Amino acid sequence: MKVDQIIDCKGLACPMPIVRTKKAMDQLEAGQVIEVQATDKGSLADIQGWAKNTGHFYLGTVEEGDVLKHYVRKASAAETREENKHPHAISNDELEKKLADNEKITVLDVREPAEYAFKRIAGAISIPLGELEGRIQELKQEEDIYVVCRTGNRSDLACQLLTEKGFKQVKNVEPGMTSWTGPTEK
């Protein structure tokens, strides 16, 4: 595949591959292709979701050893759109209070299994972002769902997906697990 620019994101975790991809994409012309090299397994769902959300074209991913090579073609100005953000968010502190008050809510953790294994909110359901669409039936549309990830980016994409699929009571937890000070389990 002819690539116009290669971005090295090896060793970086969410949200850095997306941050660097956005910055590099601004420098390209419509129709040009970028290769994003990453080692973070979550970058697959991140890149796919970001491309879908902005109108750019996700072309595919090739795995070479530990490196994922993601290919994205820049859309023309007529095809791109402003990046959507899920309109409903809640702070870490607000979620912590709901949990302390024993409110009946569902906490959905969309991080990768390794991230979830090391530190998670007690009782959180683990469905990585890349698996969410295929496992959406595990969630109940009528429940209040609070979506958490590492920084609030993947959870934002997950909230948008859930809303598209008819879930009405979905909130993005910001800034996510990087700043979580509430109780956790391992």
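Condition test on GLY49, is it outside any helix (DSSP H, G or I) and not acidic (Asp, Glu)? Here the answer is no, as GLY49 does not meet what is asked. Restricting HIS86, HIS70 to those that are under 20 Å from ILE47 (Cβ atoms), open to solvent by less than 40 Å² (accessible area, probe 1.4 Å) and in a loop (DSSP other than H, G, I, E, B) reduces the list to HIS86. Within the stretch 137-155, restricting attention to residues that are open to solvent by less than 10 Å² (accessible area, probe 1.4 Å) and part of a helix (DSSP H, G or I), the residue that is modelled with the highest pLDDT is SER155. Among the residues in the stretch 26-35, are any closer than 27 Å to MET177 by Cα and open to solvent by less than 70 Å² (accessible area, probe 1.4 Å)? No, the conditions are met nowhere in the stretch 26-35.
Within the stretch 13-25, the residues that satisfy the criterion of being crowded, with 16+ Cβ neighbours inside 10 Å and in contact (Cβ under 8 Å) with a residue 24 or more places away in the chain are ALA13, CYS14, PRO15, PRO17, ILE18, THR21, MET25. In the stretch 167-186, the residues that are open to solvent by 80 Å² or more (accessible area, probe 1.4 Å) reach residues that are in a strand (DSSP E or B) with C-beta atoms within less than 9 angstrom, at least six apart or across chains, in these pairs: GLN169/ILE145; LYS186/ARG120. Among the residues of the stretch 117-136, those identified as assigned to a loop (DSSP other than H, G, I, E, B) and either within 16 Å of the chain's Cα centre (by Cα) or of a type in the set (D, E, K, R) (or both) are LYS119, ILE127, PRO128.
The values are calculated or read from the model by the stated rules, or taken from the named source; none is laboratory data. No experiment lies behind these values; they were computed from the predicted model shown. Every residue, glycine among them, receives a Cβ derived from its backbone with ideal geometry; neighbour counts consider all protein chains shown. Remember, those area values only see protein heavy atoms, side chains included, never the ligands or the DNA or RNA. Shrake-Rupley method; radii C 1.70, N 1.55, O 1.52, S 1.80 Å.
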